[in-house]
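Report on the structure given below.
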Amino acid sequence: MAKIKHPKFHNPIEKQFNEITRYHYFLFLLIFSSKIPIFWHVLNLIFLSPPIDFTCNGNVSKNLCPCREPLWDRSVFQETMQTKFGIHCENSWWISFSHSMNFVGLLIGALVFGFLSDRFGRLSMFNISCLILAVSGCLLSFMPTIAVFSLIRSLEGIGCGGAIITAFVLCIEYCNLTHREVITALFHIPSNVSHITLPGISYLFRDFDDFQLAISIPVLFFLCSWWLVMESPKWLMDNYKVDRAVAVMEKIGKINGRPCENVREEIEQYLSHRSDTAKTQIKFWHIFKHKQLTINLGCMSVVYFLCGMGYYGVSQYIGKMSGNIHINVAISGMLLLPGTLSSIFLLHWLNRRTFLMITIFFSGFFMILVVCVPLKLPILRVILACICNCFFFTSFIIVFLYGVELFPTSIRNSVLGFLSVLSRIGQISAPLINLLPETASGLVFGVLALIGTVLCYFLPETKDSELPSSLDDTKILTRRRIHLVEDDSSTTNVPLSIID
């Protein structure tokens with residue numbers, strides 16, 4: 001384990017957040033709760049256009065084409081995209097096109113709001129994202145044509161992608177490194193809750209329009225976060241908005257009944273002892289001027305793509321199980337909980353790089369096992385696929401935190417937005433891979449995951465490291481775990497050196 005000789009000027013914000021306080025509990029409860037209705041919009045395609053049969057001209061055979069006046073089977077769903085817009089036979093491509101527009105929106109939202117939140121702040125962009133999501137989600141219920149509906153679906157995706165990215169970074173920047181692993185794992189539990197509860201909403205609201213309103217209106221309630229929570233003080237400090245950062249810290253101290261003494265002096269001292277390089281606010285494209293940052297971004301890009309492709313690809317495989325669609329979707333959500341809960345402890349015990357390599361390796365390993373198991377053992381194949389999916393989802397949890405810890409504040413959300421775009425591209429590619437024969441698609445998921453394991457080796461270790469505020473902070477990261485040692489003899493914020 002590498003030991004780092006550290007100057008005495010520690011990040012004053014993380015120092016103040018050494019404990020989870022009353023304000024933290026309130027902030028995390030509000031943000032975590034908001035993710036439940038937000039993530040409903042990631043999964044709503046399952047129930048917007050579920051498989052639905054039709055007959056034509058009194059013919060007992062189902063789904064025969066061509067058919068001018070289909071008679072839909074409304075025994076499970078009263079209204080869907082197919083029934084509302086008359087989508088069947090030759091125009092059935094509108095279903096996949098509409099969902100693709102939502103995916104494109106998710107790409108744009110993650111990327112654009114990632115850059116905007118680095119420029120204008122985390123909280124403001126989170127609220128704008130929620131507003132776009134809530135309004136566009138409600139408007140979908142009143143769209144008269146499938147073309148306009150698809151356009152609004154892209155806006156829904158933009159709001160959803162932006163809200164997820166900004167919410168995560170806001171939570172992480174309110175954490176000390178001691179609690180970062182736990183908060184990251186807990187942040188993903190609402191996704192599981194959303195996955196489990198969405199079938200219940202669909203069961204209660206069998207009409208397509210009512211269902212969409214039911215999952216969109218709750219998002220409006222979380223616009224109150226603009227008045228109830230405060231901007232990330234770490235973002236304010238690192239962008240030299242000292243007065244606002246001090247005001248936020250003093251207000252948090254007042255709420256907690258623990259005044260933040262000398263916080264202005266500590267922040268000003270911390271900023272004044274930064275090197276000239278650290279004071280330069282780098283932009284996203286400056287990454288490519290630095291070898292290690294370029295390697296970090298390249299490796300994480302591949303890993304994010306693989307996680308998106310693998311998780312959604314294997315989820316589609318599990319979704320092919322026969323039976324009640326509401327029960328199947330709820331069960332698949334429940335199966336992700338063990339991975340999420342175990343990550344709370346494993347993130348604390350294991351190094352980031354080691355944990356990520358383990359989860360991605362076993363994702364590929366179990367997917368290859370699925371391919372090797374004979375088709376005459378379907379239950380065993382489904383169990384192995386569920387285990388594989390659990391490992392892929394756990395990898396998602398790790399890379400969300402890992403990506404935040406590898407890059408400095410001024411580009412943190414921009415990078416996370418870019419990586420999320422690659423994850424969504426992987427998600428879009430998953431259905432195309434599943435068009436291959438079952439054995440071939442399984443091998444693609446498995447082999448690519450094993451390749452991703454190798455790429456993780458080139459990433460530095462970030463466990464027990466403060467969130468980097470500047471380029472200098474990222475240069476001290478190595479592939480060995482860091483142990484911080486106070487150096488009282490140093491009075492300047494110089495690059496840290498490794499003690500052998």
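The values are calculated or read from the model by the stated rules, or taken from the named source; none is laboratory data. All values reported here derive from a predicted model rather than from experimental measurement. Here the Cβ positions follow ideal geometry from the backbone for every residue, glycine too, while neighbour counts run over all protein chains shown. These area figures cover heavy atoms from the full protein model, side chains too; ligands, DNA and RNA do not enter into them. Shrake-Rupley method; radii C 1.70, N 1.55, O 1.52, S 1.80 Å.
What to note about this one:
- Sorting 238-244, 159-165, 352-358, 97-103 by their mean Cβ neighbour count within 10 Å, with the most densely packed peptide first, gives 159-165, 352-358, 97-103, 238-244.
- When region 379-472 is reduced to its Cα atoms, the Kirkwood hydrodynamic radius in Å: 15.5
- When both bridge partners sit in the chain, DSSP labels roughly 45% of those beta bridges antiparallel.
- The helix-only estimate of mean residue ellipticity at 222 nm for the chain, built from DSSP H runs of length n ≥ 4 each weighted as -39500 (n - 2.57), is -22000 deg cm²/dmol after division by the residue total.
- Euclidean distance of C-alpha centroids, region 184-218 and region 21-80, integer Å: 10
- Taking a span of 20 Å or more along the helix axis (Cα atoms) and a mean Kyte-Doolittle hydropathy of at least 1.0 as the rule, the DSSP H helices of the chain that qualify are 22-43, 93-120, 122-139, 146-172, 208-221, 352-372, 378-406, 438-456.
- Diffusion coefficient, µm² s⁻¹, Stokes-Einstein with Kirkwood Rh over alpha-carbon pairs of region 12-271 at 37 °C and 0.692 mPa s: 162
- Sulfur and carbon atoms: percent of accessible area, the chain [1.4 Å]: 67
- Accessible surface ranking that places the most exposed of Thr21, Thr178 first, with a 1.4 angstrom probe: Thr178, Thr21
- Rounded if a/c under 1.5, otherwise prolate or oblate - region 286-470, Cα gyration tensor axes: prolate
- Using a probe of 1.4 Å on the protein chains alone, the accessible area found for Tyr312 is around 40 Å².
- The residues of region 64-199 expose, per residue, 35 Å² of accessible area to a 1.4 Å probe.
- Largest-first ordering by accessible area, 1.4 Å probe, given options Asp207, Asp73: Asp73, Asp207
- Taking all protein chains as they are arranged and a probe of 1.4 Å, the heavy atoms of Val76 leave approximately 70 Å² accessible to solvent.
- Sorting His88, His273 by solvent-accessible area of protein heavy atoms yields His273, His88, largest first, with a 1.4 Å probe.
- In plain terms, the C-alpha convex hull of the chain casts an average shadow of 24.0 nm² when viewed from every direction.
- The smallest convex shape that holds all Cα atoms of region 363-406, its convex hull, gives 45 Å³ per residue.
- With DNA, RNA and ligands ignored, accessible area of Cys386 (1.4 Å probe; Å², nearest 10): 20
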